[in-house]
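The values are calculated or read from the model by the stated rules, or taken from the named source; none is laboratory data. Computed from a predicted structure; not experimentally measured. Quick reminder, even Gly has a Cβ in these numbers, built from the backbone with ideal geometry, and neighbours come from all protein chains shown.
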């Protein structure tokens, strides 16, 4: 089990926690899973894992290249394998791609071996974060906003099945987002426990 100290900005006192399960961050592209995940892992002193980075490393290709060469179905299959492997490794914070949580098998695997936290952001926040990036293969369409909007409408009901939720409003600093995630996590002592 991982143990760490958390310095609260307000009291100056260090809180101590124990991480019992890998925390899997889920949500739409642009929700902040990687940025918040890295900061959360650093704050907790646990490993940061990124399923997309692991897939790229294993394939020696970028995700857009994998999508172009092998298609989304191939990518999703590899994604499930990688998430399973990462859940079995050392406990930490795992950032997943926006589509990873959509597969029922992935949701079950994450729930059985870890705990999911949905970084919930509204469509406007997501669009502002992704509209200038060309690294999103699903948005390589004639109308990327309409595509993002359609993905958002289809995915939100699935993300709502996550174990916990932290709101990402686009104005909150990453360290404050980390505080929000920790606040959500400590409501579940089977995931994160104050000691």
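General observations
- Residue 14 farther than 11 Å from residue 94 by Cα and either within 12 Å of the chain's Cα centre (by Cα) or modelled with pLDDT of 95 or more (or both): no
- Complete set of residues in segment 29-46 that are within 22 Å of residue 136 (Cα to Cα), more than 9 Å from the chain's Cα centre (by Cα) and assigned to a loop (DSSP other than H, G, I, E, B): 29, 30
- Residue match in segment 162-175 (condition: at pLDDT 95 or above, within 14 Å of the chain's Cα centre (by Cα), buried (at least 16 other Cβ atoms within 10 Å of the Cβ) and part of a loop (DSSP other than H, G, I, E, B)): yes
- When we screen 163, 176, 169 for residues that are on the phi < 0 side of the Ramachandran plot and without any contact (Cβ under 8 Å) to a residue 24 or more places away in the chain, the only hit is 176.
- Checking residue 142 against (1) without any contact (Cβ under 8 Å) to a residue 40 or more places away in the chain; (2) within 22 Å of residue 184 (Cα to Cα), the condition it does not meet: (2)
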